[in-house]
């Protein structure tokens, strides 16, 4: 399994970094996980651009995580409908922004309820309903004995430990380094909490993502490392992990 980071910024993209977006590849199958704002240019830098993606998996319905299908549906190159997997109803508002049916041929929507298990290409996908401002699916991808656990955007939950147990990589929400403001404390994580979950789950590596724009990466990494002794990095465009 290989993970390529397209972006890892929370809320909005900066000039250097798009929002959450990752390509997970195994056996030549390329899964686009949470394609957020400003990740499309990174896709175009890859071989075959947006046409090299085999499926899309969305964790929740905030617009910085929803698929950008116009390049496939409105461009000159015709292609098969792209399978898109998302929690029930999570894409309704975003897709409704376009004229009804305009992108209908560009995608094939497969909705799931968090808690379901299903397959996408070579991946077995297990999901958990995790707390956020909108319903969010924590995602565990397994293939060939390798496990990637991804929280999506979430607040504290005992299910995070179950989601990540024994994973080779935990890709974790970490909006703030040390403490989440009280108003958002039930819906977002700190890097410190991400480190605690990584330790409890016994993961092999921790990758912090969804950092608030302008967050000092070294401060976030240090906060996570105070609670987790394993390798810690921040998800930045161009970072690659292979397991």
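What follows draws every value from the coordinates through simple rules; no lab data is involved. Remember, predicted model here, so these are calculated numbers, not experimental data. Don't worry about glycine lacking a Cβ; one is built from the backbone with ideal geometry, like all the others, and counts go over all protein chains shown.
Do we have residue 220 as free of Cβ contacts under 8 Å to residues at least 40 places away in the same chain and closer than 22 Å to residue 13 by Cα here? Spell out the reasoning first.
Working: free of Cβ contacts under 8 Å to residues at least 40 places away in the same chain: no; closer than 22 Å to residue 13 by Cα: yes.
So residue 220 does not fit the description; no.
Would a scan of the stretch 232-240 turn up a residue that is buried (at least 16 other Cβ atoms within 10 Å of the Cβ), in contact (Cβ under 8 Å) with a residue 60 or more places away in the chain and within 25 Å of residue 131 (Cβ to Cβ)?
yes
Taking the stretch 76-119, which residues are within 18 Å of residue 54 (Cβ to Cβ) and out of contact with any helix residue (DSSP H, G or I) (no Cβ under 8 Å at 6 or more places or on another chain)?
Correct list: 78, 80, 83, 84, 85, 86, 108, 109, 110, 112, 118, 119.
What's the total number of residues in the stretch 198-216 that are more than 17 Å from the chain's Cα centre (by Cα), crowded, with 16+ Cβ neighbours inside 10 Å and within 22 Å of residue 36 (Cβ to Cβ)?
Result for the stretch 198-216: 1.
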